[in-house]
Amino acid sequence: MKTIVLASNNKHKVKEFKEILENQEILTLDDIGFGTEIEENGTTFLENALIKARTVSAYLKEKNLDYDVLADDSGICAIALNLEPGVYSARYSGDHDFKSNRNKLVENLKDKDKTAYFNCTLVLYHMDGTYKVSEGKTYGKIIEEERGDKSFGYDCIFLSDELKKTFGEATSDEKNKVSHRYKALKGIKEYIIKN
């Protein structure tokens with residue numbers, strides 16, 4: 001079993017990663033005592049994932065801890081809006097206000113095609129500076145009516161093509177089988193097992 005540091009304290013994200021990578025020991029930023037705010041100022045999902053991974057890896061090096069770092073950047077991309085909000089998903093209407101972000105996306109898609117996908121770009125970063133990248137996408141439509149659990153991002157307005165229900169209505173088991181994070185993690189999981 002490998003020990004991997006997940007560059008996040010997001011409870012929903014941590015839960016998903018632990019469920020999907022069930023045979024690995026996953027530590028959070030809290031677990032390693034990392035409390036600095038990381039400025040994600042990249043213009044792509046990969047740039048942001050690498051910013052997080054490199055920052056946490058440098059911190060681990062200072063502490064003489066030899067752990068790989070798993071960092072992701074993810075968001076929702078609406079086809080009709082040139083893939084907005086994309087990397088700005090968490091702060092689309094301001095700062096991490098889920099309800100306000102959803103309202104803005106629904107408003108901006110009025111009278112437009114509602115096709116969208118969630119994207120997750122994942123980086124497994126090694127102490128020597130090498131890294132493995134994996135990407136996952138899951139497609140669906142943005143709906144106006146919020147359905148199911150409203151506590152996490154855009155889940156309650158994303159009607160999954162595969163599940164025929166919103167991610168907000170899905171159980172974590174159902175979501176984990178089709179989510180962008182699951183698809184990105186599948187590639188990383190195989191890589192971790194082989195290495």
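The values are calculated or read from the model by the stated rules, or taken from the named source; none is laboratory data. Computed from a predicted model, the values in this text were never measured in an experiment. Heads up, the Cβs are rebuilt from the backbone with ideal geometry, glycines too, and the neighbour counts pull from every protein chain shown. When the accessible area is computed, the model is the full protein with side chains, heavy atoms only, and any ligands, DNA or RNA have been set aside. Shrake-Rupley method; radii C 1.70, N 1.55, O 1.52, S 1.80 Å.
Table: residues versus (1) under 12 Å from the mean Cα position of the chain (by Cα); (2) among the small types (Gly, Ala, Ser); (3) within 17 Å of TYR92 (Cβ to Cβ).
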residue	(1), (2), (3)
VAL123	yes, no, no
HIS126	no, no, no
GLY140	no, yes, no
ARG147	no, no, no
LYS164	no, no, no
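Does THR130 satisfy being surrounded by fewer than 22 Cβ atoms within 10 Å (Cβ to Cβ), over 19 Å from the mean Cα position of the chain (by Cα) and among the polar types (S, T, N, Q)? Steps first, answer last, please.
Working: surrounded by fewer than 22 Cβ atoms within 10 Å (Cβ to Cβ): yes; over 19 Å from the mean Cα position of the chain (by Cα): yes; among the polar types (S, T, N, Q): yes.
Answer is yes for this residue.
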Restricted to segment 32-70 and to residues being buried (at least 19 other Cβ atoms within 10 Å of the Cβ) and small (Gly, Ala, Ser), the residue farthest from SER89 (Cα to Cα) is SER57
Only unsatisfied item for LYS104, checking (1) closer than 23 Å to GLU16 by Cβ; (2) open to solvent by 10 Å² or more (accessible area, probe 1.4 Å), is (1)
Checked segment 108-118 for anything touching a residue at least 40 places away in the same chain (Cβ under 8 Å) and surrounded by 22 or more Cβ atoms within 10 Å (Cβ to Cβ); matches are ALA116, PHE118
Result of the Cβ filter at 7 Å on segment 179-195, keeping first residues that are touching a residue at least 24 places away in the same chain (Cβ under 8 Å) and partners that are open to solvent by 60 Å² or more (accessible area, probe 1.4 Å), at least 6 apart or interchain, is HIS180/LYS137; LYS183/LYS137; ALA184/GLU135; ILE188/LYS132; TYR191/LYS132; ILE192/LYS2
